[in-house]
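A quick write-up on the structure given underneath.
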Amino acid sequence: MGPGVILTRPQLRLLLPLGVSMALSLTGDLTMYSVLANETDVLGIGLGVVGILLSANRLIRIPGNILAGGFYDRLGRRPLYLTGLTLGILSTLSYSLARGFWPLLGGRVLWGISWSLINVGGYSMILDISTAADRGRMTGLYQMAFMLGLTISPLLGGTLTDALGFRLAVRWCAAVSAIGLVLALVALPETRPPGDLPPRTRWRSPTRQQVTAWLGIWQRMDRQLMAVTYLYLVTFFVNGGVLVSTVSLYLKQRWGESVVLAGAVIGVASLAGAMLAMRAGLGMLAGPLAGFLSDRLHNRWPVIWGAILLAMAGFGVLALPAGTWAVPVGVALAALSTAGLTTAIAALVGDRAVGQRQGLIMGGLATAGDLGSALGPLVAYALAVAVDLRWVYLLCAVGLASGLVGVAVARSNPQRAFK
């Protein structure tokens, strides 16, 4: 890549269909996060199971990410990625037909399988066509597309739900996701060179030597891998788990079913969607910036450190007994930190994910994020029946503080430090 060139032509040919299709696939899932807590009567469920439904897709991804990574390493990228997009559309359509806990749970599990294929595949394709010199930028721009999806999805889903009702709204969301599938069918390239794919005849249980070699990759990373994996888990616990799943309930606790702003009555679903859209919009700016800075510094750690401090400040503001200004300020700070952390950590691990085990390594990192995301709603809603949500947000700030300790421990081992 020459001076002043942000992306090469092959990188652009991948990122455009990959980013857009991934962003549009999020529409149904983020609508559930935006409105599910307020649509319990329509769907025939109780508030107590909302956390379970919002976590089910993440729980299935804990084993699913590793399996998806193994399949990507064996079978290539494009077919599995397209399969993931298709399953995502089917899961969104299922929400429009389901009533009761078990049908909804089935739809959430199907989405979890879908996102394992989409997420692990997306990062694997980026690793295929990036190097340590530009991986931060590639990851940052992909993160920007992800944040674009987070911006569009809750705003669209919340607005459609207030206007048309939940069931018709999610059908429209499925149609939006289908646009991304069509684009990927037409334009998404296969990025894994045929020569890099293991022979199909070797599709069998790994030998003892193969297992030892794979474990050796993780063993050589030791403290750094554990530190960034823990950071990834905490980041998704507090942001992708707690904050995203509780913002609607938090707004309802403070303002009721609707809010009057500038003489207009705005439903809580629409307002929650707007908050989540603002969160994602800020992340669109922070992700590429974090990636560029980590490339420019030739060191990912300063970006990670600063992002943790921003996140702690955001949840600290949300935990304050302050006026309504605290909600958008806290959400904004959390948004900036999330984009910075996920971009820098993914690029950092990607620097070491070489050879024919890229999918497995990125699948392992994604599993840590999904574990955090799955635990977030479960813990938040379990505590919300007993304490004010401000105390839950304070717990999040404490968890992030423990991430600072993890960074300090990892950086104390410079012989093996990630650069």
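What to note about this one:
- Where a residue in segment 42-53 is within 15 Å of Phe166 (Cα to Cα) and its partner, wherever it lies, is outside any helix (DSSP H, G or I), with Cβ under 8 Å and at least six apart: Val42/Gly165; Leu43/Ala98; Leu43/Arg99; Leu43/Gly100; Gly44/Arg99; Gly44/Gly100; Ile45/Gly100
- Which listed residue, of Asn38, Asn119, Asn65, Asn57, is on the phi < 0 side of the Ramachandran plot, polar (S, T, N, Q) and in contact with a strand residue (DSSP E or B) (Cβ under 9 Å, 6 or more places away or on another chain): Asn38
- Matching residues in segment 24-81 - criterion: being surrounded by fewer than 24 Cβ atoms within 10 Å (Cβ to Cβ), in a loop (DSSP other than H, G, I, E, B) and hydrophobic (A, V, I, L, M, F, W, C): Ile45
- Test: residue in segment 377-386 that is at pLDDT below 85, out of contact with any Ser or Thr (no Cβ under 6 Å at 6 or more places or on another chain) and within 24 Å of Asn299 (Cα to Cα): no
- Entry remark, segment 278-326: residues being under 26 Å from Ile152 (Cα atoms), of a type in the set (Gly, Ala, Ser) and buried (at least 21 other Cβ atoms within 10 Å of the Cβ) number 9 in total.
- In segment 91-104, residue surrounded by the fewest Cβ atoms within 10 Å (Cβ to Cβ) [restricted to those that are in a helix (DSSP H, G or I) and more than 20 Å from the chain's Cα centre (by Cα)]: Trp102
- Hits in segment 233-260 (condition: of a type in the set (Phe, Trp, Tyr) and farther than 19 Å from Ala332 by Cα): Trp255
- Within the set Val317, Val247, Val327, the sole residue that is modelled with pLDDT of 85 or more and part of a helix (DSSP H, G or I) turns out to be Val317.
So that you can scan it fast, the table gives a plain yes or no per residue for (1) outside any helix (DSSP H, G or I); (2) modelled with pLDDT of 90 or more:
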| position | (1), (2) |
| --- | --- |
| Ser124 | no, no |
| Ala132 | yes, no |
| Thr139 | no, no |
| Pro154 | no, no |
| Gly158 | no, no |
| Ile179 | no, yes |
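- Residues that are under 18 Å from Ala274 (Cα atoms), touching a Phe, Trp or Tyr at 6+ places or on another chain (Cβ under 6 Å) and either among the basic types (Lys, Arg) or modelled with pLDDT under 90 (or both), drawn from segment 12-57: Glu39
The values are calculated or read from the model by the stated rules, or taken from the named source; none is laboratory data. What you see is a predicted model, and the numbers here were worked out from it, not measured in a lab. As a convention, Cβ positions derive from the backbone with ideal geometry for all residues, glycine included, and neighbour counts pool all protein chains shown.
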